[in-house]
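Attaching a single structure in structure tokens format; questions to follow.
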Amino acid sequence: MTINPTGKDILSVSTELCGKTLTLEVNRVGFRTTASVLARYGDTVVLGTAMVGSKPISGMDYFPLSVDYEEKFYAAGKISGSRFVKREGRPSDEAILIGRIIDRPIRPLFPKGYRQEVQVVASVLSMDPDFRPDMIAMIAASSALMLTGAPFDGPVAGLRVGRINNEFKAFLTPDQREQSDLDLVVAGIEHGITMVEAGANEVPEDVILDGMAWAHEQLQPAIKMQRELSEKVGVQPLTYELVLPDETIQTAADTWTEGKLGAALRKAYPERNALIAELAEAFHNDMREKVGDDYDAVLGEYAEAFEKAVHKDVRKGIVEEGIRPDGRKLDEVRLLSSEVGILPRAHGSSLFTRGVTQGMNIVTLAPLSYAQIVDTMEQTDFERRYMHHYNAPGYTVGEVRRLGSPGRREIGHGYLAERALIPVLPDEEDFPYAIRSVTEIMSQNGSTSMAATCSSCLALMDAGVPLKNPVSGIAMGLMMDNETPYILTDIADAEDFAGDMDFKVTGTANGVTAMQMDMKVHGLSVDILRKAVLAAKPGRAHILAHMLTTIEASRPQLSPYAPRIEKLMVNPDKIGAIIGKGGETINKITKETGAEVDIKDSGLVTISAIDTASIEKALEWIKGLVEEPEVGKIYEGTVVKVMEFGAFINIMPGIDGMCHISALSEGRVEKVTDVVKEGQKVRVKLVAVDDRGRLSLSMKPSDVNNA
């Protein structure tokens, strides 16, 4: 029996969610947290904790919310596969991505100006192997926040949805996920959707939109039960202060900027950004003169008020005039340019530019042994054959910034671009390469993840990777004016900051491969999202058409600097013969030929080297080790033993056959030694294999020469 030192009773609520019972429980653990909830679904148990600071952080100009998803290997009955580190350490990329999925629908539900520190941690304590625990973690995190009394306009719930045989299904098993052509995450509140993320195998937009509607309906019980738990606990609201610009300061900024924004700033983005910077400097100079020596103390508030005035002007131009900050129409894509083959020693390279946003991508090919081994809580180790990495240093936004390891944003953007291309990559058996695609962002002004998608597609085609179909991507924006949505094609930073939603869609001419939607308002209906998603299709097609003018198909030949790889399917029972005792045979092949040899459990053998001669030498060696005797084939053999009735001849490593005395020659042979001697090289034909696997050979000229 659990002893609760707080004296509070253990409380729980339950509901049916997609065929299983979901239970939320409080007051069993986490006595010193602001709030903690144990969520149980099947054999999955997730602890959601929330801590809320008592006062706003001084000088903070953003909401200090952190959301983390903690993988615990013990939850799956695993010890980390790392040879040297067994304790959980830095979160895996997968854990970081799930943390972002939980963060994105929660963050917009706090009021603007809220500056108290909030930390949310979702820790997986037990994991049912039949489904992923991430959506239970989202529910646990939201439930904990609901119990803190903080001004969180939840609750939030999410579902990960797949499609099998044209039917939507949540909480898919690993086998079902393999069969599904859709991996869709939908998070929402009671009256709308707040976040969407999807990967798809060229699935039509309408199917994904129907999946969103289905998911939002199915997650309602999880929202209802969170409200029930809050009422049962009797949550007391916390007192808080909002850090907002002083109304007099905002009025001063609005008055000062009147007549200076609008048409005067509708220029292409390099020029517009410079004009705004000049305007901001003049604004601060004028305000400093009026305020006096105390201006530095309120500089941040004036800067925020000026920025808000600019954002209001952006929205006004779009809603009232249908004109965007750089003068474009709502459905107009910025100027495009692209190149391929720009780096002579890279296996594939490209430069994709859209407005001021620019991404350079470099593709490197390697043998399959260079695939990344991923060790996670959720499953046994798996290999990531295609890896996309995204880098965006400070200079890309005109800032001085310390270089460091990639942050959550870089990992998220890289994953979105990676996901966009995975559905169109050739099968491993057809193209046995590990592929690393690196996007180096050169300049940012909106939608670098889509620049990464387009540039990586171009570089893959330049590298000769035989894509099933080319992929393009576009970032869209949305501004709501009461109930009227204004949808923007190819958004830039100014529209993103002033807008109510940004979303990215990638795909081929046949359908969508990835999607990501983030709402800044408190939920949007599926009808509005349907209009937005369908509006992205023409822009995506426009960008794809431009890309195909640069390179219309994957190059037929690989770069001369890329490794050459030959593949061979062998009987899995023969793998041991290639490896040899303690790896002796495979090490000898590698050392003497200079080729790398990789073997999969399926029997796929790949041989790689820069020069063809090394590959051919290793290939012949391996064929000799695993080749099955073929009736009717001529072999160069060696006589290994002479008997009175015939000779045993070795035709393949470890495989001997019998050439009867009657088959040594066309005429009568008195003694076997009259024709062959031990160690002699001879040509023989395999004429039969009996039911016991014994081989019958012939040296008769009529058999050997006429085959």
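Give the order of Tyr41, Tyr561, Tyr433, Tyr240 when sorted by the count of other beta carbons within 10 angstrom, beginning with the fewest.
Lowest to highest Cβ neighbour count: Tyr561, Tyr240, Tyr41, Tyr433.
Find how much the distance from Glu271 to Leu242 grows on full extension, using 0.36 nm per residue of separation minus their present alpha carbon separation; answer in nm with one decimal.
6.9 nm
Would you grab the residues whose amide H sits under 5 Å from the one on Val243? Only those 5+ places off in sequence or on another chain, please, with H modelled 1.01 Å from N.
So Val243 has HN proximity to Tyr114, Arg115.
Using a simple spin-label model with points 7 Å from Cα along the Cα→Cβ vector, what separation in nm is obtained for Ala264 and Lys681?
Taking the two extended label points, one gets 9.1 nm.
Can you list residues whose amide H is under 5 Å from Asp500's amide H, if they're 5+ apart or on another chain and H is modeled 1.01 Å from N?
Sorted by chain and number, the residues that satisfy this are Leu478, Met479, Met480.
Fewest Cβ neighbours within 10 Å first, please rank Ile586, Ile57 accordingly.
Ascending number of Cβ neighbours within 10 Å: Ile57, Ile586.
Here is a further query. Nearest 5 percent is fine: what portion of the DSSP beta bridges confined to the chain is antiparallel?
Beta bridges within the chain, antiparallel portion: roughly 90 percent.
Determine the dipole magnitude for segment 548-653: charges of +1 sit on the beta-carbon of Lys and Arg, -1 on that of Asp and Glu, nothing else is charged, the reference point is the Cα centre, and the result goes in debye to the nearest 20.
160
What lysines does Lys260 reach when the alpha-carbon gap must be under 27 Å and sequence neighbours fewer than 8 apart in one chain are set aside?
Lys112, Lys290, Lys308, Lys312, Lys316, Lys329
Just to verify a number: FRET efficiency for Asp210 and Thr6, C-beta to C-beta distance, R0 = 41 Å, to 0.05?
0.30
A follow-up question, please. What percent antiparallel are the DSSP beta bridges of segment 634-704, to the nearest 5?
90
Picking from Ile10, Ile249, Leu695, whose Cα lies most toward the positive end of the charge dipole for the chain (charges on Cβ: Lys, Arg +1; Asp, Glu -1)?
After comparing all options, I get Leu695.
What nm distance separates the two modelled labels at Glu307 and Asp286, each placed 7 Å from Cα along Cα→Cβ?
2.1
Follow-up question, since we're still on this one. Once a ≥ b ≥ c are taken as the square roots of the eigenvalues of the Cα gyration tensor of segment 564-626, is the result rounded (a/c under 1.5), prolate (a/b larger than b/c) or oblate (a/b not larger than b/c)?
Oblate.
Consider a paramagnetic label point 7 Å from the Cα of Glu584 along Cα→Cβ; state which residues of segment 608-645 have an amide N under 17 Å from it.
Backbone N within reach: 625.
Can you classify the chain as rounded, prolate or oblate using the Cα gyration tensor, where a ≥ b ≥ c are the square roots of its eigenvalues, rounded means a/c under 1.5, and otherwise it's prolate if a/b beats b/c and oblate if not?
Prolate, because a/c is 1.5 or more and a/b exceeds b/c.
Assign unit charges at the C-beta atoms only (+1 for Lys and Arg, -1 for Asp and Glu), then state the dipole size of the chain relative to its Cα centre in Debye, rounded to the nearest 20.
1460
Hey, another quick one. Please report His191, His542, His522 as a ranked list, fewest other C-beta atoms within 10 angstrom at the top and most at the bottom.
His191, His522, His542
I've got another one for you. Once both labels are modelled 7 Å past Cα along the beta-carbon direction, what's the Lys641-Arg83 spacing in nm?
In this crude label model, Lys641 to Arg83 measures out at 4.2 nm.
Evaluate the charge dipole of segment 634-704 about its Cα centre and quote only its size in Debye, nearest 20, assuming +1 on the Cβ of each Lys and Arg and -1 on the Cβ of each Asp and Glu.
So the magnitude is around 100 debye.
Here is a further query. Karplus couplings for segment 45-59 from phi (6.51 cos²θ - 1.76 cosθ + 1.60, θ = phi - 60°), rounded to Hz, Gly and Pro as x?
Couplings: 10, 10, 9, x, 10, 9, 10, 10, x, 7, 9, x, 7, 5, x Hz.
Residues with beta-carbon under 13 Å from that of Met442, excluding Met442: net charge, scoring Lys, Arg +1 and Asp, Glu -1?
In short, -1.
Next question. Which ³J(HN,Hα) values in Hz, rounded to whole numbers, follow from the phi angles of segment 357-367 under the Karplus curve 6.51 cos²θ - 1.76 cosθ + 1.60, where θ = phi - 60° and Gly and Pro get x?
These are the phi-based 3J(HN,Hα) values: 7, 9, x, 9, 10, 10, 10, 10, 9, 8, x Hz.
Just to confirm the number: angle between the C-alpha axis of helix 584-593 and the first principal axis of the chain, 0 to 90 degrees, nearest 10?
Between the helix axis and the principal axis of the chain, the angle is about 90 degrees.
Where does the chain land at 222 nm, in deg cm²/dmol rounded to the nearest 500, when only DSSP H runs of n ≥ 4 count, each adding -39500 (n - 2.57), divided by all residues?
Helices in the chain give a 222 nm mean residue ellipticity of -9500 deg cm²/dmol.
Round to the nearest 10 and give me the degree value, 0 to 90, for the angle of helix 247-257's Cα axis relative to the longest principal axis of the chain.
80
Can you classify segment 108-266 as rounded, prolate or oblate using the Cα gyration tensor, where a ≥ b ≥ c are the square roots of its eigenvalues, rounded means a/c under 1.5, and otherwise it's prolate if a/b beats b/c and oblate if not?
oblate
Please name whichever of Asn361, Tyr486, Ser80 sits farthest to the positive end of the charge dipole of the chain, dipole taken about the Cα centre and charges placed at Cβ: Lys and Arg +1, Asp and Glu -1.
Towards the positive end, the residue furthest out is Ser80.
Report ³J(HN,Hα) in whole Hz for each residue of segment 134-146, in order, from the Karplus equation J = 6.51 cos²θ - 1.76 cosθ + 1.60 where θ = phi - 60°; Gly and Pro get x.
5, 6, 5, 5, 4, 5, 5, 5, 5, 4, 4, 4, 4
What length, rounded to one decimal in nm, is gained on full extension from Arg177 through to Glu16, with 0.36 nm per residue of separation minus their alpha-carbon distance?
Using 0.36 nm per residue and subtracting the Cα-Cα distance, I get 55.7 nm.
Quick note: the coordinates plus some simple rules give every number you see, no bench work behind them. All values reported here derive from a predicted model rather than from experimental measurement. Counting neighbours? That spans all protein chains shown, and the Cβs are built from the backbone with ideal geometry, glycine included.
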